[in-house]
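Below: one structure, written as structure tokens.
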């Protein structure tokens, strides 16, 4: 191979890389390789905390994301929902994002409806939906849900909803989990909720946001599900303890196969580019 | 496992799939299909935010408190809420914000802007000092660098992690103090700090790549599964 070919390795047209990546991911989606995860250090405390709650203890899941980040965060919401419904813990969904109502609807449509047909809205789960305010909303909810939500998304007053019978404010929840794709999201929950209130706060975040939230663990966050991998780890914990009550391969675990293949392709291109650089440089020095 | 082709009959799925392909076409080069999808996205997002904003904020917090009879428009059997004239304050502030649209009155918009910025800054400063400053210092040095193990002795892994966290923080701070304009590093300690920052940025970049791949997998799952029914 001539020196110019090695140089060419450093300047491959990016469109070939995109094409290679697309082919690799599509192939992996079709073949569906499954790489089983095991629950990691940051995910285990969340799973253990929900396991430790007495049946009937309310759990709050804040769906602070939109469809653009749903592939990463929706599997977390689905896994948490499965865990809570299996354990008999009524779930409250709310959102700091205007798209939150739709995100909650997808969980009901894709998880609760098909897998838990006996679950009743208002008893096993309730959707409060979106409210404007961000950090001020979190602060207001500390003392009273009713101060900001007069009714759930169906228009039923909170006082008539059995899932909220034990709830006045955030401190009445057994655990609060914010699944966050940006602002307002997990950071606002830490600053204005978890650090001020007396409830355990856990989080789930996108890969982009993860480095921002790692420093909060373990003092300010009970645990953290970071990106699709975090969701896959939670699914692995569910599979370990409730294999007969959850799907064998869930959404995040299914996504980790193509994800791993895509990473291998990226690593291969990085190695190729570096090999081109080093070999090209060496040949140039040799010619001098 | 690959299934026989079973293309969706859902109009929404088709719209989503075609818009996804139009956006992906930008990877080849800029083109009218991408521009179309981009404009649709911006338009739909703005409209969605406006509708949600109206029904979750403007309607229940301003219009209904000021004109309780308006609630009958949505539901005729709803009991009339009490009139709450305090809603005049946010209503007026909101209208003052809109005064930017009239050049002669645009100065009025400074008042609600100042109110929002002042309130948010005053409120946030306490929380940030507590959560991002005090608690983070405590988390960095609180337990020292020798972490005791449950069964006696020292937990080597945790102690090493605490040492890396503490020294990484100190060297990172030294980098900012011992760097001249133009980025010239002046001391060996600052050089280590630079290394710490580079590792941090590398980890962040790796996380960002991982996140983008997850989104790609998600879109392709919808294209191959929901749209074409192949999965």
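Key figures
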item: Unmet requirement for residue A:34, which otherwise passes all of (1) within 11 Å of chain B (Cβ to nearest Cβ); (2) in a loop (DSSP other than H, G, I, E, B); (3) at pLDDT below 95; result: (1)
item: Filter result for residue A:85 (within 14 Å of another protein chain (Cβ to nearest Cβ), part of a helix (DSSP H, G or I) and under 20 Å from the mean Cα position of the chain (by Cα)); result: no
item: Residue selected from the stretch A:88-128 under the condition away from chain B (no Cβ under 14 Å) and part of a helix (DSSP H, G or I), by the criterion surrounded by the fewest Cβ atoms within 10 Å (Cβ to Cβ); result: A:114
item: Restricting the stretch B:63-75 to residues that are in contact with a helix residue (DSSP H, G or I) (Cβ under 6 Å, 6 or more places away or on another chain) and within 12 Å of another protein chain (Cβ to nearest Cβ), the residue that is surrounded by the fewest Cβ atoms within 10 Å (Cβ to Cβ); result: B:71
item: Among (1) at pLDDT 95 or above; (2) in a loop (DSSP other than H, G, I, E, B) - the single one residue A:146 does not satisfy; result: (1)
item: Helices (runs of 4 or more DSSP H) enclosed by the stretch B:121-231 - at least 1 residues per element that are free of Cβ contacts under 8 Å to residues at least 12 places away in the same chain, closer than 30 Å to residue A:192 by Cβ and within 9 Å of another protein chain (Cβ to nearest Cβ); result: B:135-141, B:188-221
item: Residue in the stretch A:129-141 that is away from every other protein chain (no Cβ under 14 Å) and not in a helix (DSSP H, G or I) present; result: no
item: Residue A:146 being crowded, with 21+ Cβ neighbours inside 10 Å, within 14 Å of chain B (Cβ to nearest Cβ) and touching a helix residue (DSSP H, G or I) at 6+ places or on another chain (Cβ under 6 Å); result: no
item: 2 or more residues within 27 Å of the chain's Cα centre (by Cα): qualifying helices (runs of 4 or more DSSP H) within the stretch B:25-106; result: B:32-53, B:88-98
item: Top-ranked residue in the stretch B:11-20 [being within 29 Å of residue A:33 (Cα to Cα) and without any contact (Cβ under 8 Å) to a residue 60 or more places away in the chain; ranked as surrounded by the most Cβ atoms within 10 Å (Cβ to Cβ)]; result: B:19
item: Residue within the stretch A:32-50 that is crowded, with 16+ Cβ neighbours inside 10 Å and under 30 Å from residue A:274 (Cα atoms) present; result: no
item: Flag for residue A:162 being surrounded by fewer than 21 Cβ atoms within 10 Å (Cβ to Cβ), under 22 Å from the mean Cα position of the chain (by Cα) and under 17 Å from residue A:57 (Cβ atoms); result: no
item: Residue among A:238, A:224 that alone is more than 9 Å from chain B (Cβ to nearest Cβ) and either closer than 21 Å to residue A:192 by Cβ or within 9 Å of the chain's Cα centre (by Cα) (or both); result: A:224
item: Lone unmet requirement of (1) within 29 Å of the chain's Cα centre (by Cα); (2) surrounded by 12 or more Cβ atoms within 10 Å (Cβ to Cβ); (3) outside any helix (DSSP H, G or I) for residue B:8; result: (1)
item: Some residue of the stretch B:85-93 being within 13 Å of chain A (Cβ to nearest Cβ) and more than 24 Å from residue A:191 (Cα to Cα); result: yes
item: Verdict on residue B:172 being closer than 30 Å to residue A:270 by Cα and surrounded by fewer than 13 Cβ atoms within 10 Å (Cβ to Cβ); result: no
item: Qualifying positions in the stretch A:153-171 - assigned to a loop (DSSP other than H, G, I, E, B) and within 14 Å of another protein chain (Cβ to nearest Cβ); result: A:153, A:154, A:155, A:156
item: Failed condition for residue A:23, given (1) within 14 Å of chain B (Cβ to nearest Cβ); (2) more than 16 Å from the chain's Cα centre (by Cα); (3) at pLDDT below 95; result: (3)
item: Candidates B:104, B:100 - the one that is more than 10 Å from every other protein chain (Cβ to nearest Cβ), farther than 17 Å from residue A:136 by Cβ, out of contact with any strand residue (DSSP E or B) (no Cβ under 8 Å at 6 or more places or on another chain) and surrounded by 14 or more Cβ atoms within 10 Å (Cβ to Cβ); result: B:100
item: Pick from the stretch A:207-220, criterion in contact (Cβ under 8 Å) with a residue 24 or more places away in the chain and under 21 Å from residue A:78 (Cβ atoms), ranking: nearest to the other protein chains (Cβ to nearest Cβ); result: A:207
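Conditions (1) out of contact with any strand residue (DSSP E or B) (no Cβ under 6 Å at 6 or more places or on another chain); (2) under 23 Å from residue A:269 (Cα atoms), marked per residue:
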residue: A:9; (1), (2): yes, yes
residue: A:16; (1), (2): yes, yes
residue: A:39; (1), (2): yes, no
residue: A:45; (1), (2): yes, no
residue: A:48; (1), (2): yes, no
residue: A:56; (1), (2): yes, no
residue: A:59; (1), (2): no, no
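The values are calculated or read from the model by the stated rules, or taken from the named source; none is laboratory data. All figures in this text were calculated on a predicted structure; none of them were measured in a lab. Positions of Cβ are generated from backbone atoms using ideal geometry, with glycine treated the same way; all protein chains shown enter the neighbour counts.
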